[in-house]
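Below is one structure; the comments refer to it alone.
Just so it is clear, none of the values below were taken in a lab; they were calculated from the coordinates. No experiment lies behind these values; they were computed from the predicted model shown. Cβ atoms come from the backbone with ideal geometry, glycine included; neighbour counts cover every protein chain shown.
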Amino acid sequence: MHPVKDSPRSLVRVGYDGRVHKTFRGPKARRRFTNEVRVLRHLEEQGCDFVPRVLEADPEHLYLVTSNCGKPVEQLGEDKKRHLFDQLRQYGVSHGDEEVRNVTYRITDQRFCIIDFELARLEGDPIETDEHDPDEDRRGLE
């Protein structure tokens, strides 16, 4: 597998079959894993076609496998970026990290896509505070 990202929060690799493998780690890893799976499944149920599909989710190991949404985008105009994330809101999702690093381009249908939903919120979700949860931190590092 080819590593795409190796940070304190996650390890992301692309398999030879093109699927994306993400292992969550670090503070609040369990919460971020659970949230990403929940939001991606919601988007799939809503018919959103410009986000990854959950193929496998292992909560014990905080391991997620998704479909591949193309190659990372290095540059994107501010208007195009805003329009793309606004489209996501039509499905009841606020991304939470609206940066170019979370946009890919899928050549098969010439479509910009959005990835990385760890910080996303569904419409109606309560707004989280930054309260420290030491049990969550410990579980995320197990």
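Contact order for the chain, expressed relative to its length and based on alpha carbon pairs under 8 Å spaced 6+ residues apart, stands at 26 percent.
Taking a ≥ b ≥ c as the square roots of the eigenvalues of the Cα gyration tensor, an a/c ratio of 1.5 or more together with a/b no larger than b/c marks the chain as oblate.
In this label model, TYR63 and GLU98 are separated by 3.6 nm, measuring between points 7 Å along each Cα→Cβ vector. The ranking of GLU36, GLU98 from fewest to most other beta carbons within 10 Å of each one's beta carbon is GLU98, GLU36. Taking K and R as +1 and D and E as -1, what net charge do the other residues with C-beta under 12 Å from the C-beta of ARG19 add up to? Here the charged neighbours net out to +1.
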